[in-house]
Amino acid sequence: MAAEKLRDLSQPIDVALLDATVAAFYGTGSKEERTAADQILRDLQNNPDMWLQVMHILQNTKNLNSKFFALQVLEGVIKYRWNALPVEQRDGMKNYISEVIVQLSSNEASFRVERLYVNKLNIILVQILKHEWPVRWRSFIPDLVAAAKTSETICENCMTILKLLSEEVFDFSRGEMTQQKIKDLKQSLNSEFQLIHELCLYVLSASQRAELIRATLATLHAFLSWIPLGYIFESPLLETLLKLFPVPSYRNLTLQCLTEVAALNFGDFYNVQYVKMYNIFMGQLQAILPPATNIPEAYALGSSEEQAFIQNLALFFTSFYKFHIRVLEATQENIAALLMGLEYLINISYVDDTEVFKVCLDYWNSLVLELFEAHHNLAENPAVVLLQRRQLYAGPMSKLRMLMICRMAKPEEVLIVEDENGNIVRETMKDNDVLVQYKIMRETLIYLSHLDHEDTEKQMLKKLSKQLSGEDWTWNNLNTLCWAIGSISGSMMEDQENRFLVMVIRDLLNLCEITKGKDNKAVIASNIMYVVGQYPRFLRAHWKFLKTVVNKLFEFMHETHPGVQDMACDTFLKIVQKCRRKFVIVQVGENEPFVSELLAGLATTIVDLEPHQIHTFYESVGQMIQAESDPQKREEYLQRLMELPNQKWSEIIGQARQSVDFLKDQEVIRTVLNILQTNTSVATSLGTHFLSQISLIFLDMLNVYRMYSELISSSIAEGGPFASKTSYVKLLRSVKRETLKLIETFLDKAEDQPQIGKQFVPPMMDPVLGDYARNLPDARESEVLSLFATIINKYKVAMIDDVARIFEAVFQCTLEMITKNFEDYPEHRLKFFSLLRAIATHCFPALIRLSSQQLKLIMDSIIWAFRHTERNIAETGLNLLLEMLKNFQSSEFCNQFYRTYFLSIEQEIFAVLTDTFHKPGFKLHVLVLQHLFCLVESGALTEPLWDVATIPYQYPNNTVFVRENTIKLLSTSFPNMTAAEVTQFVNGLFESRNELSAFKNHIRDFLVQSKEFSAQDNKDLYAEEAAAQRERERQRMLSIPGLIAPNEIQDEMLDS
């Protein structure tokens, strides 16, 4: 292929040939030609001398794709090797790029034709600037401004360059540049801003050219958030912007600029200017969008420009009010303009667009919180001021309550939804955006309710009565209303809540009676269930209501409309969890506890339910039985509850004793599975008290387990790997898994009673562990690993003598399954490392007894785990490694262990730390490194870490050795970094080792410098700080009644 000639870079590249190769790659040739072209272009791109041909290519090609290819090569050099190039090469490239940009943008025709190319050149120039300016290219801004004054098209392009520069420095710099570099660039931009400011003002006042004015407004928008305030408020800038606002073609850009100004907040110094700006703005707005406009309708029918205007308007109002609402409240003449603005914002909040609504909702949430907190902390504020402020906002707040009630988002518990064809169906997927929105709306409505309970109640009841009278009846109206009613649970005083709910539940039950139609009934049923599930306090206080509600749920359990039965079972479980004591005591006017009555009619209640719904039902009744404190009654209830499944179980086992083949029938296997699942559900609720029931079936269950296991193995042995995919084998495996899950659930929930462990663990050793080792890899259940992890976590040191046996059965054979690649057996991977972690945490002495080969196996598997790109496996591996490091440090084998593993661990951790696929593990990587560096400095290691036999040089101590070794390791890994940079980094690690946050920042800066982490999303490096913020928020929410819903608070519901 002629293109091979391109590989020779000793003479100028043949541009025509390059054009042909690029054209072949972009699809004019055959598949083979494309592949060959791709290979050559890749090789050229990776050739370190290729960039020297860039100028030659750009000068001689007309093909845009070839130009982009050349610029791509150049971009790589600028990003990673710029500072290593000789000065004359850097200057030559810098001047050449600048000249081409000026040349192409100096006349209208070439500027429009070559727009894409110029844009790419602008980006390249800004990448160069990040290295060269301000130190090596002091005159850049003056040069740029001077060039801009020579022609309007050059000026337009200069605006684009300035905008790119501002974005690079202020918006995208985190994780791209070191903290110091960002600071230097920000200072330079600030100090040079006067020239830019003058240029912008000059253009806006003198130019008639629409594109140039638009480009200037876009650049200003990028700059306004950080420039010194004097340039905004002490110059004609604001007036100029407000003059441009009414012009339709600049309206949106100007509004974005004004929004940036509105979002600035630096004390009260410029209050007068803000008030003036707001008043002029409101005057102009009324001309553009009269206050009487139906904004949601106008939005629905508007062009995309007009829709963007409404969105920008929402951003302007919310930004302005967030920081400057107090200034407008202060005087009577501004209050009218403020109330009109709030009215606009409430109308915009009804617009049917998620993004617009999010913007409005976030602001409403913060305003209501501010009003609520002032009201909450009465001591700090004089009451008169407060009252005035609450009266001022009473009108808008009342309208806001209506908005929240009409637009309430769907809570997670509601399973019945309307699909796009208008049918009522069961929800198939959770929509996370809706859940987030629900959370914010719920919080807002709770604050609104605290501000005025009467108004909240009045609006809700009024809307409900309109549902009953039929004048306002639609599915959506009833849904949002009931979701709103459910969401304010816990915010009212108890007696008010009781009064309110009696009316709500009565109305809803009436509505259910009088409304015809299956779909309508399903919607009402779903709403009744949702509301009652939200108010456990009310139900606990009113037995009659509680009983009516539960009986209503039993009624819904026979309703075959999709989703209704599921929701009835879920709500039943939710109510029982919060009111369980009420069901086991004899209530006034009753002859026996409700649970007894329920057990008597159990068979008819569950007759229409699916198996998974029956399991939820059994779990609920288990919760009731668990609340019974008399052991004798508890046993009696448990026996009655398990009567149906136990009867079936003994029939099956009886038949099997006569002929074992009976157990091979698919229907029988399904029944066995169902019985085990029912047992698991009850074990979840009862914990220790499930002992009598599990003892009843335990040994038979293990026999079935063993038999099914042999069936699986023989099927796979006969039918090959595909046999494991057949429905028959899958069904058999489900029974094995459910058996393991039942035992694990019981042992996990049972209280710490060693005799339970002694009773259940030994009989499992052979049927479960031995079976795992004997099986073919495809027939091994990963649940065996999690079961033994649970057992060790539960019985801790008591299990120490069994570790060797567990190790023997699962270790080698599981490792062989999971170390072939990173994909096979994903379940076994995670559970294997969880088991190892349990052993390392609770039975560490057992690990020390292992042979050095076995320990090496463990360490290799840990390293293998944290190299994994699957996040949870890597994290389990790193946590396990930290446990091992700490445990070995405090054992007598400290020197021996670290001499063997210190260097390899350090090297492996640096490898994943600097690999972008492992960014989520950053926090744990840092902790491991911190541990290693602290350990070396502490002097706890008394023997040399280097191999005395092969390294003749005697280091004075381990610190010096580790320092030199680390410098050597990083220098070879990052040839693009200078020896001084690497040394400085390693010394910094030793200096900051005792201060975690300094140590972490030091490593973050290194990752930026080493260029491994640029041009990507770096939020994972800051994940830990975000988590601490979330915990502070939860503590705040706990202090306000209703903010954390009563059914989410983990209390032992005091319902005696």
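May I ask you to list the residues in the range 26-58 that are of a type in the set (Gly, Ala, Ser) and surrounded by fewer than 13 Cβ atoms within 10 Å (Cβ to Cβ)?
GLY27, SER30
Is at least one residue of the range 264-287 under 35 Å from the mean Cα position of the chain (by Cα), open to solvent by 60 Å² or more (accessible area, probe 1.4 Å), of a type outside the set (Ser, Thr, Tyr) and modelled with pLDDT under 95?
Among the residues of the range 264-287, at least one is under 35 Å from the mean Cα position of the chain (by Cα), open to solvent by 60 Å² or more (accessible area, probe 1.4 Å), of a type outside the set (Ser, Thr, Tyr) and modelled with pLDDT under 95, which makes the answer yes.
With (1) within 27 Å of CYS569 (Cα to Cα); (2) open to solvent by 10 Å² or more (accessible area, probe 1.4 Å); (3) over 26 Å from the mean Cα position of the chain (by Cα); (4) in contact (Cβ under 8 Å) with a residue 12 or more places away in the chain as the list, and ALA522 as the residue in question, which single condition is left unmet?
Evaluating ALA522 over (1) within 27 Å of CYS569 (Cα to Cα); (2) open to solvent by 10 Å² or more (accessible area, probe 1.4 Å); (3) over 26 Å from the mean Cα position of the chain (by Cα); (4) in contact (Cβ under 8 Å) with a residue 12 or more places away in the chain leaves (2) as the failure.
Residue check: is ASN65 open to solvent by 70 Å² or more (accessible area, probe 1.4 Å) and over 30 Å from SER1010 (Cα atoms)?
no
This table checks each residue for (1) part of a helix (DSSP H, G or I); (2) on the phi < 0 side of the Ramachandran plot; (3) open to solvent by 40 Å² or more (accessible area, probe 1.4 Å); (4) free of Cβ contacts under 8 Å to residues at least 40 places away in the same chain.
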| residue | (1), (2), (3), (4) |
| --- | --- |
| ARG581 | yes, yes, yes, no |
| ASN591 | no, yes, yes, yes |
| GLU597 | yes, yes, yes, yes |
| TYR618 | yes, yes, no, no |
| MET624 | yes, yes, no, no |
| SER629 | no, yes, yes, yes |
| ARG634 | yes, yes, no, no |
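Condition first: surrounded by 23 or more Cβ atoms within 10 Å (Cβ to Cβ) and more than 23 Å from VAL425 (Cβ to Cβ). Now tell me which residues in the range 551-575 satisfy that.
Selection gives ILE575 alone.
Can you name the number of the only condition in (1) buried (at least 20 other Cβ atoms within 10 Å of the Cβ); (2) of a type outside the set (Gly, Ala, Ser); (3) in contact with a strand residue (DSSP E or B) (Cβ under 9 Å, 6 or more places away or on another chain) that GLU418 fails?
Exception for GLU418: condition (1).
At pLDDT 90 or above and more than 22 Å from LEU850 (Cβ to Cβ): does that describe VAL729?
The answer is yes for VAL729.
Suppose we filter LEU162, LEU144 for residues that are free of Cβ contacts under 8 Å to residues at least 40 places away in the same chain and aliphatic (A, V, I, L, M); which single one remains?
Of LEU162, LEU144, the one residue that is free of Cβ contacts under 8 Å to residues at least 40 places away in the same chain and aliphatic (A, V, I, L, M) is LEU144.
Got at least one residue in the range 855-871 being acidic (Asp, Glu) and modelled with pLDDT of 90 or more?
No, the range 855-871 contains no residue that is acidic (Asp, Glu) and modelled with pLDDT of 90 or more.
Is there any pair with a first residue in the range 480-495 that is free of Cβ contacts under 8 Å to residues at least 40 places away in the same chain and a second that is among the hydrophobic types (A, V, I, L, M, F, W, C) whose Cβ atoms are under 9 Å apart and which are 6 or more apart or on different chains, and what are they?
Taking only residues 6 or more apart or on different chains, not a single pair turns up.
Restricted to the range 484-519, and to residues that are crowded, with 21+ Cβ neighbours inside 10 Å and of a type in the set (Val, Ile, Thr), which residue is nearest to TYR447 (Cα to Cα)?
ILE488
I'm trying to understand the selection: among the residues of the range 75-111, which are in a helix (DSSP H, G or I), open to solvent by 70 Å² or more (accessible area, probe 1.4 Å) and in contact (Cβ under 8 Å) with a residue 40 or more places away in the chain?
Residues satisfying the conditions are TYR80, ASN83, ALA84, GLU108.
Has the range 980-998 got at least one residue that is exposed (fewer than 13 other Cβ atoms within 10 Å of the Cβ), more than 37 Å from the chain's Cα centre (by Cα) and farther than 25 Å from ASN895 by Cα?
Checked against the condition, which is being exposed (fewer than 13 other Cβ atoms within 10 Å of the Cβ), more than 37 Å from the chain's Cα centre (by Cα) and farther than 25 Å from ASN895 by Cα, the range 980-998 yields at least one hit.
Being buried (at least 18 other Cβ atoms within 10 Å of the Cβ), more than 26 Å from ILE614 (Cα to Cα) and in contact (Cβ under 8 Å) with a residue 12 or more places away in the chain, is that true of even one residue in the range 695-710?
yes
Search the range 796-853 for residues being in a loop (DSSP other than H, G, I, E, B) and closer than 19 Å to SER891 by Cα, and hand back the single one that is least open to solvent (accessible area, probe 1.4 Å).
Restricting to residues being in a loop (DSSP other than H, G, I, E, B) and closer than 19 Å to SER891 by Cα, the top hit is CYS843.
Can you tell me which residues in the range 690-735 are over 19 Å from ASP661 (Cα atoms) and among the aromatic types (Phe, Trp, Tyr)?
Those that are over 19 Å from ASP661 (Cα atoms) and among the aromatic types (Phe, Trp, Tyr): PHE690, PHE698, PHE722.
Is it the case that some residue within the range 471-483 is open to solvent by less than 40 Å² (accessible area, probe 1.4 Å), among the polar types (S, T, N, Q), farther than 23 Å from VAL564 by Cα and at pLDDT 90 or above?
no
So if I check each of GLU152, GLU156, GLU192, GLU168, which one is in contact (Cβ under 8 Å) with a residue 24 or more places away in the chain, among the acidic types (Asp, Glu) and within 30 Å of ILE1003 (Cβ to Cβ)?
GLU168
For residues that are among the hydrophobic types (A, V, I, L, M, F, W, C), free of Cβ contacts under 8 Å to residues at least 40 places away in the same chain and open to solvent by less than 30 Å² (accessible area, probe 1.4 Å), tally how many sit in the range 910-959.
Of the residues in the range 910-959, 2 are among the hydrophobic types (A, V, I, L, M, F, W, C), free of Cβ contacts under 8 Å to residues at least 40 places away in the same chain and open to solvent by less than 30 Å² (accessible area, probe 1.4 Å).
Would it be correct to say that GLU635 is of a type outside the set (A, V, I, L, M, F, W, C) and more than 35 Å from the chain's Cα centre (by Cα)?
When the stated conditions are applied, GLU635 passes them.
Starting from the range 316-330, take each residue that is polar (S, T, N, Q) and list its partners that are not in a helix (DSSP H, G or I), counting only C-beta distances under 7 angstrom and pairs at least six apart or across chains.
Pairs found: SER319/ALA263.
Would you mention how many residues in the range 169-212 are surrounded by fewer than 19 Cβ atoms within 10 Å (Cβ to Cβ) and β-branched (Val, Ile, Thr)?
Number satisfying all stated conditions: 2.
Any idea which of (1) at pLDDT below 70; (2) open to solvent by less than 80 Å² (accessible area, probe 1.4 Å); (3) farther than 27 Å from ILE440 by Cα is the one TYR1022 doesn't satisfy?
Going through (1) at pLDDT below 70; (2) open to solvent by less than 80 Å² (accessible area, probe 1.4 Å); (3) farther than 27 Å from ILE440 by Cα one by one, TYR1022 breaks only (3).
Can you tell me how many residues in the range 288-307 are open to solvent by less than 80 Å² (accessible area, probe 1.4 Å), without any contact (Cβ under 8 Å) to a residue 24 or more places away in the chain and among the small types (Gly, Ala, Ser)?
The number of residues fulfilling the criteria is 3.
Considering only helices (runs of 4 or more DSSP H) fully contained in the range 170-264, which possess at least 1 residues that are within 22 Å of THR318 (Cβ to Cβ)?
In the range 170-264, the matching helices (runs of 4 or more DSSP H) lie at 210-223, 230-233, 237-244, 251-262.
Quick one: ASP766 ticks every box in (1) at pLDDT below 90; (2) over 26 Å from ILE694 (Cα atoms) except a single one, so which number is it?
It fails just one condition, (2).
Restricting the search to the range 876-907, which residues are open to solvent by 60 Å² or more (accessible area, probe 1.4 Å) and within 17 Å of PHE832 (Cβ to Cβ)?
Passing the criteria: none in range.
What number of residues within the range 1-25 satisfy the criterion of being surrounded by fewer than 16 Cβ atoms within 10 Å (Cβ to Cβ), modelled with pLDDT of 85 or more and part of a helix (DSSP H, G or I)?
Of the residues in that region, 2 qualify.
The values are calculated or read from the model by the stated rules, or taken from the named source; none is laboratory data. Nothing here was measured: the structure is a model prediction, and the numbers come from that model. Backbone-built Cβ (ideal geometry, glycine too); neighbour counts: all protein chains shown. Surface accessibility is based on the protein's heavy atoms, side chains included, excluding ligands, DNA and RNA. Shrake-Rupley method; radii C 1.70, N 1.55, O 1.52, S 1.80 Å.
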